[in-house]
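Before any comments, here is the structure.
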Amino acid sequence: MKRPLLTFSFVLIAVIFSQAQDFRFGQITTQEMNMKNYKNDTSAHAVVLNEFGKSTINIGSDDNIKQIYEYHVKIKIFDPKAFDKGTVKVLLYSNDKNEAYEDISDIKAITYYKDDNGFTQKAELENKKIYPVKENKYWASAKFALPGLRPGCIIEYKYKIESFRWDKIRTWEFQDDIPKIYSELEVHIPAFFTFNASIKGYLKLTKNKAEVESKCFETHGASCDCSLINYGMADIPAFKEDDYMTAPKNFASAINFELVEWQSPYDGLKHKQTKEWRDIDYSLKTDYSFGGQLKRKSLFKDKIAPMIAGKTDELAKAKAIYQGWQKWFKWDNFIGIYSDNISRAWDSHSGDVASINLSLSAALAAAGLNSEVVLLSLRDNGAINTLYPVVSDFDYVVAKVNIGDQAYLLDATDPLLPFGVLPFKCLNDKGRVFSLDKPSYFMDMSLPQREKSAYILDVTLTDDGKLKGTLTNYSTGYEAYKRRVEIKKYNSTDEYVESLNNRLPKWKITNAKIDNIDSLDMPVAEHYSVEIKVSDKPEDASKLTFSPYYIGRRSTNPLKLDERSFPIDMGMASEDRYTLIVHLPSNYMVETPPQPISLAMPNNGGKYLSSYQPGDNSFSFVYLTQFNKSVYGAEEYPSVKEFFNKIIQSQKAEMVLKKK
Amino acid sequence: MKRPIAACFFAVLTFAAKAQKSYDASLIPKDLLPYASSVVRDEEITIEVKDLDNAIYHVKKAITVLNKNGDEDARIVIYHDKSDVIRGVKGTVYDQFGKQTEKFSESKFDDVSVGSGSLFDSMRAKHYLPPVTDYPYTVAYEYEERSKQTLNFDPWIPNAGEGIAVEKSTFTFICNPGFNIKIKENNLHDKVVTGLNKDGQKTYTWQVNNLKALRYEPLSPYFRNYATSVQIAPEKFAYYGLKGSYTNWNDLGKWISDKLMANRQALPAQTIEHVKEITQNITDPKLKAQKIYEYMQSKTHYISVQVGIGDYQPFLASDVDQQNYGDCKALVNYTQALLKAVNIDSYYCIVKSGRQHNVSLLSDFASMGQADHIILCVPFKNDTTWADCTSQTIPFGYLGDFTDDRTVLALTPEGGKLLHTPKYPAALNLEKRKAEFVINADGELSGSMSTVFKGTEYENRDELLKEQTSEQYKMERKNYPINNMDIQHLEIKQDKGFDPSTTETIRMRARDYATFQDGKYYFLLNPANRETYVPRQVRNRLNDVNITRGVTEEDEVTYTVPPGYRLEKRVLDVNLDKSFGKFTANMELKGDKLTYKRKFQLIGGTYDKSLYQDVVDFFQSVADADEYNVVLVKN
């Protein structure tokens, strides 16, 4: 997965006076009005004609430092499918401390359209049709719909947000689900503040200009110059999502900002935000919501005592504490890496990811174990920036315990996860290992986790046209976790088996036994006695033709397109193995056996094998599919697709049984 | 008007404190445990109407959660809008032995907006789920909510979801002697108990005990038809400052017309002029209405906006004219105004929408809140025509499966009138396909395939038609289960007349359609239309089988296969004839021409539950037949 990533340092090029770069509001051209489609992408339902954003760090109306964000866009709408572009929802954040949300103002919106007589008209948004909504404790929104939409119209709107989050310059997304002719972001950053900017995606900037504005920032007697930077991009294609893909965020072009350091305009003190990993290590360690919580080992000394009583082995202790945590906590569905108070979370049995896993790590340390934590970015949050140190890309934290030379990653938010197995959503890019006493370091999060299932169907063909025997299914690794999740959807194992039986009308499950449902470290083993209806009247025919791919047969290719521009991300390697053993009545013999086949993807990417073994009035047939990688590059798409195609091809063949 | 009925699960505490019930989980009757994730131990819901603009609700409930799957059943959700007042929220958590472990109050609740799909919606919800990890546990809580309207009362549905058993639930309605109500009871064992309380108020009380947990049963009738419930409608009521009274649909329709709809159809003179102009050369009123409907479609689009009096009032026609958008109410009101400009009368019709079930308004029980959508009815002489005004693409007179075959309330000049929307019978919901293919020696399939969609199937390609060619090809590859489908030409035509149809023609090839191995060819006989749905079996099914609407599929495929081969295995020849459906599939090889014919028909209706296993077997036989693999062997 290669991703060009550029950094910019704010070099002062020349001191000049700058002018506003925004395009004029309320101006359209005849050419724009008459556009029938967008020549670079005739399938587009709309195109952004021009888009301009401006982020300025300045003193707000309440005399505090603010980020002032202005947004302005003009969109050509070709057909009704893009009318949703005319309904705008602007999200406004609150830190939930004082119920203050970011403040939106200066909303203006106009639609230009041709009336029934072909004259260009405009319709303006009325202020009373702007709807403010308090969504929940973290988010409010302002919603409005552009008036007078019709095919061929142009919409234009702008607004301004005053945000208390001066330290988080908004990410600018160059690429959207419709193409853009031009998009530009302008940032004004006073010299008191230093930010790093990074570009994601494969598109190149067409404008990248830095200047200095003199004396643009002034508060309480302190003043400084600003960096004025313009990032522009022309002819941006629409971003289209594919199946089997991680976060679009990883691939769509955007520019992100990270505060590196700042100097207080009030007392001149310097604050390093992110510079070197050791600075981040220090700030995390001293952060009350992170290191401050991790340190609270003593909280858990007596709480873990009963869990590890009598255990001397380190692994046994770690497992006991992990299981204790899984049982104690109910995850409140919030993610994040900071916890206000792990003690309060403990008392309430409830917490976010950080509270649960930071406290787990503290407890493991309290038991004398070598305990660390790993900061990571969930799959839908995208990959992390590894070019320079940032902490804001991380949105999840898990515990890590080192026993001997073995490391185990632990997430106690899910009671069904085995010790040392992380949920699928965590398997993404790199994680940063952090501890209170050592420097932090990166680890690869594409862990050697696998999902593996093995089915063994051992049956006898009976005179009444049935297959009777046993089906055994072993689910190992992550597959075992998925199986348990499925089983636990039912109130009891009996209800699970009943449901399984109900979903397979041709199967009758006469007996069932499932092992290791609650032994999370073991494979789930399902044993069923089954009767399968094969044919209504087999005695009619002297020949019986049937497909040996009784379970797990593929008949459609999941990859449908000819080509692909993004990697195929399957999350983790997998293996499915099916074994069919059939005992035949003495008057039957195999006339056409299935053909053994062996397929392999290039570079050991995966394989498909089948093998046939005749026996005494019986035969066994094994077929197995292996995917050895979690991610296949876009260039491997044709071979993965063809791999599926070949499997489907081979599974069409049938075998023939003949009466002697 | 797209929302669950009114708002509030409220009620009132009027009973004196009773002896506290023990919430020990082991005291739950054993026969309530099967299929239950949670058990309502004790619920008391009371509505007290103090005045026309003052109804107090009290909810008191204790629910035992047996395992993780039941957690959400214990979530406390209090819906409200600006005019509602919530008071006295408090609750307690008990462990499996009934020992108190925690107390909570309103400060724990989060208050969220629930109308995220709308441009605006005043409805909000306060909610809280106590975090407990040891099962079973019990949450007992109560709260009070005051509403300023008496037009809608929330129905009492003690067993409101799958996996929840009910040990005991009571519902009490209290009002002054002068406050008359209408009652609709459903599936109740015990009769209502009526009386007078010490303040001289009338009381109505219902109770249920020991309801078992419901299971999911495929092809079930509409939930509300078999659930236990009580609905109450007022005679006199107040609603956001408006007053009214009704005893039947006619009165209610009249009140809506007079109070919510009056004087909302004025249009700018220019618009009136324009619609007159575009229809001036048309004499047939139906064709005139069609022209106006198409004009409305080309001009407007749907956005959900829940403003106006209690969400029931459409915004002004002149607003739609200027803004070009509206919700279903506004768009129907606007279309009516346009029609009126050319002297065509039409009705604003209130309907319960939905594809899965055709839900009729209850003919014997008039109340607001049974519906969620508005459609248009144009009563031409001998030809009543219906239209949904929220789509920009469907033909005039086409309702599709969203509002077909159900009773709706039409607002006529004579008051409210129940009308029934048209039914699309099985024979008219047609997907008819004819294909001619060649399979060459390499196993490649090539040829063309033409499909006609009618009735409720008419809309099947509407989404695709909104896209350009390259995107259409991608979508077709997902529509058809043909691997390696390479489309060479695609044409889709729509006839938007009064018997609309869509015709799709595809010319294509697909390599590796047939596998050649051991001197034999193998390929799937049914290339385009394989049924994979088989409803799961249900032991001891409780509900009748409901097939909401019928459908007919006809496929005829001719293959030219490599010469000199014969069929190796038994030919496909299936013929099923059931009351709820018919299926035939057969094949014939003559020389190198292999012909495959398939006809599948489902007949809409309600069938006795004893037929359910037959329905499962029917679908399984269809799925098996559709999987038929042709084996060709050298002569």
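The values are calculated or read from the model by the stated rules, or taken from the named source; none is laboratory data. Worth saying up front: this structure is predicted, and the values here are computed from it rather than measured. Cβ sites come from the backbone with ideal geometry, for glycine too, and all protein chains shown count toward neighbours.
Can you tell me which residue among A:225, A:176 is acidic (Asp, Glu), in the same structural domain as residue A:72 (by TED's automatic domain parsing) and in a strand (DSSP E or B)?
Details: A:176 fails: in a strand (DSSP E or B).
Step by step, each of A:225, A:176 is checked, and only A:225 is acidic (Asp, Glu), in the same structural domain as residue A:72 (by TED's automatic domain parsing) and in a strand (DSSP E or B).
Considering only residues in the range B:67-121 that are farther than 23 Å from residue B:165 by Cβ and among the aromatic types (Phe, Trp, Tyr), the one that is farthest from the other protein chains (Cβ to nearest Cβ) turns out to be B:79.
Any residue at all in the range A:192-215 that's under 24 Å from the mean Cα position of the chain (by Cα) and on the phi > 0 side of the Ramachandran plot? Checked the range A:192-215: at least one residue is under 24 Å from the mean Cα position of the chain (by Cα) and on the phi > 0 side of the Ramachandran plot.
Determine whether residue B:325 is more than 10 Å from chain A (Cβ to nearest Cβ) and under 25 Å from the mean Cα position of the chain (by Cα).
Working: more than 10 Å from chain A (Cβ to nearest Cβ): no; under 25 Å from the mean Cα position of the chain (by Cα): yes.
Answer is no for this residue.
Tell me whether the range B:63-84 contains one or more residues that are without any contact (Cβ under 8 Å) to a residue 12 or more places away in the chain and part of a strand (DSSP E or B).
Checked against the condition, which is being without any contact (Cβ under 8 Å) to a residue 12 or more places away in the chain and part of a strand (DSSP E or B), the range B:63-84 yields no hits at all.
Out of curiosity, is residue B:254 touching a Pro at 6+ places or on another chain (Cβ under 8 Å), modelled with pLDDT of 95 or more and of a type in the set (D, E, K, R)? Considered against the rule, which asks whether it is touching a Pro at 6+ places or on another chain (Cβ under 8 Å), modelled with pLDDT of 95 or more and of a type in the set (D, E, K, R), residue B:254 comes out as no.
Evaluate the range A:458-466: report whether one residue or more is surrounded by 20 or more Cβ atoms within 10 Å (Cβ to Cβ) and either β-branched (Val, Ile, Thr) or facing another protein chain (nearest Cβ under 10 Å) (or both). Quick ask: steps written out before the conclusion?
To start, the set of residues in the range A:458-466 that are surrounded by 20 or more Cβ atoms within 10 Å (Cβ to Cβ) comprises A:459, A:461.
With either β-branched (Val, Ile, Thr) or facing another protein chain (nearest Cβ under 10 Å) (or both) added as a condition, the list becomes A:459.
The answer is yes; a qualifying residue exists.
Select the strands (runs of 3 or more DSSP E) contained entirely in the range B:148-220, then report the ones holding at least 3 residues which are in contact (Cβ under 8 Å) with a residue 24 or more places away in the chain and away from chain A (no Cβ under 14 Å). Where strands (runs of 3 or more DSSP E) fall fully within the range B:148-220 and carry at least 3 residues being in contact (Cβ under 8 Å) with a residue 24 or more places away in the chain and away from chain A (no Cβ under 14 Å), they are B:164-175, B:181-186, B:202-211.
One line per residue, one yes/no per condition, for (1) touching a residue at least 60 places away in the same chain (Cβ under 8 Å); (2) within 12 Å of chain B (Cβ to nearest Cβ); (3) under 19 Å from residue A:558 (Cα atoms):
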residue: A:584; (1), (2), (3): yes, no, no
residue: A:600; (1), (2), (3): no, no, yes
residue: A:609; (1), (2), (3): no, no, no
residue: A:627; (1), (2), (3): no, no, yes
residue: A:646; (1), (2), (3): no, yes, yes
residue: A:660; (1), (2), (3): yes, no, no
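If you check B:283, B:271 for being in a helix (DSSP H, G or I) and not assigned by TED's automatic domain parsing to the domain that holds residue B:38, only one passes: B:271. Filtered by the rule that a residue be in a loop (DSSP other than H, G, I, E, B), more than 9 Å from chain B (Cβ to nearest Cβ), without any contact (Cβ under 8 Å) to a residue 60 or more places away in the chain and surrounded by 14 or more Cβ atoms within 10 Å (Cβ to Cβ), the range A:504-520 gives A:516, A:517.
Of the residues B:513, B:473, which is touching a strand residue (DSSP E or B) at 6+ places or on another chain (Cβ under 7 Å), buried (at least 16 other Cβ atoms within 10 Å of the Cβ), facing another protein chain (nearest Cβ under 10 Å) and outside any loop (DSSP other than H, G, I, E, B)? Walk me through how you get there before you give the answer.
Numbers: B:513 fails: outside any loop (DSSP other than H, G, I, E, B).
None of the other options fit; the residue is B:473.
Rundown of residues vs (1) closer than 30 Å to residue B:353 by Cβ; (2) within 14 Å of another protein chain (Cβ to nearest Cβ); (3) in contact (Cβ under 8 Å) with a residue 24 or more places away in the chain; (4) crowded, with 20+ Cβ neighbours inside 10 Å, yes/no style:
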site	(1), (2), (3), (4)
B:503	yes, no, yes, no
B:507	no, no, yes, no
B:518	no, yes, no, no
B:527	no, yes, yes, yes
B:531	yes, yes, yes, no
B:535	yes, yes, yes, no
B:540	no, yes, no, no
B:561	no, no, yes, yes
B:566	no, yes, yes, no
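Looking across the range B:584-598 at every residue that is surrounded by fewer than 16 Cβ atoms within 10 Å (Cβ to Cβ), charged (D, E, K, R) and in a strand (DSSP E or B), the one that is farthest from the chain's Cα centre (by Cα) is identified as B:590.
Pick from A:215, A:207, A:285, A:240: which is of a type in the set (Lys, Arg), in contact with a helix residue (DSSP H, G or I) (Cβ under 7 Å, 6 or more places away or on another chain) and not assigned by TED's automatic domain parsing to the domain that holds residue A:641?
Numbers: A:215 fails: in contact with a helix residue (DSSP H, G or I) (Cβ under 7 Å, 6 or more places away or on another chain); A:207 fails: in contact with a helix residue (DSSP H, G or I) (Cβ under 7 Å, 6 or more places away or on another chain); A:240 fails: in contact with a helix residue (DSSP H, G or I) (Cβ under 7 Å, 6 or more places away or on another chain).
Just a single option satisfies the conditions, and that option is A:285.
Restricting attention to the range A:467-503, the residues being farther than 27 Å from residue B:66 by Cβ and within 10 Å of chain B (Cβ to nearest Cβ) number 0.
Among the hydroxyl-bearing types (Ser, Thr, Tyr), surrounded by 21 or more Cβ atoms within 10 Å (Cβ to Cβ) and at the interface with another protein chain (Cβ under 10 Å from one of its Cβ atoms): which single residue out of A:87, A:111 fits that description? Give the steps one after another, and end with the answer.
On the way: A:87 fails: surrounded by 21 or more Cβ atoms within 10 Å (Cβ to Cβ).
Just one listed residue meets the conditions, A:111.
Checking each residue in the range A:563-601 for being outside any strand (DSSP E or B), among the aliphatic types (A, V, I, L, M) and more than 27 Å from residue B:517 (Cα to Cα) picks out A:570, A:572.
Of all residues in the range A:307-336, those that are assigned by TED's automatic domain parsing to the domain that holds residue A:406 have Cβ atoms under 7 Å from Cβ atoms of residues that are among the charged types (D, E, K, R) and surrounded by fewer than 16 Cβ atoms within 10 Å (Cβ to Cβ), 6 or more apart or on another chain, in A:317/A:311; A:320/A:311.
Answer yes or no as to whether residue A:319 is more than 14 Å from chain B (Cβ to nearest Cβ) and in contact with a Lys or Arg (Cβ under 6 Å, 6 or more places away or on another chain). Spelling it out, it is not the case that residue A:319 is more than 14 Å from chain B (Cβ to nearest Cβ) and in contact with a Lys or Arg (Cβ under 6 Å, 6 or more places away or on another chain). Among residues that are within 30 Å of residue B:561 (Cα to Cα), surrounded by fewer than 18 Cβ atoms within 10 Å (Cβ to Cβ), within 14 Å of another protein chain (Cβ to nearest Cβ) and modelled with pLDDT of 95 or more, residue B:491 is not included. Taken together, A:396, A:408 contain a single residue that is within 24 Å of residue A:286 (Cβ to Cβ), of a type in the set (Ser, Thr, Tyr) and away from chain B (no Cβ under 14 Å), which is A:396. Residue A:578 passes every criterion in (1) at pLDDT 90 or above; (2) within 14 Å of chain B (Cβ to nearest Cβ); (3) surrounded by 18 or more Cβ atoms within 10 Å (Cβ to Cβ) apart from (2). Among the residues of the range A:62-81, the ones that are touching a Lys or Arg at 6+ places or on another chain (Cβ under 9 Å) and either at positive phi or outside any loop (DSSP other than H, G, I, E, B) (or both) come to 12 in all.
Check whether at least one residue in the range B:137-146 is in contact (Cβ under 8 Å) with a residue 24 or more places away in the chain and within 28 Å of residue A:144 (Cα to Cα), and report yes or no. Among the residues of the range B:137-146, not one is in contact (Cβ under 8 Å) with a residue 24 or more places away in the chain and within 28 Å of residue A:144 (Cα to Cα), which makes the answer no. If you check A:562, A:616 for being over 39 Å from the mean Cα position of the chain (by Cα) and surrounded by fewer than 15 Cβ atoms within 10 Å (Cβ to Cβ), only one passes: A:616.
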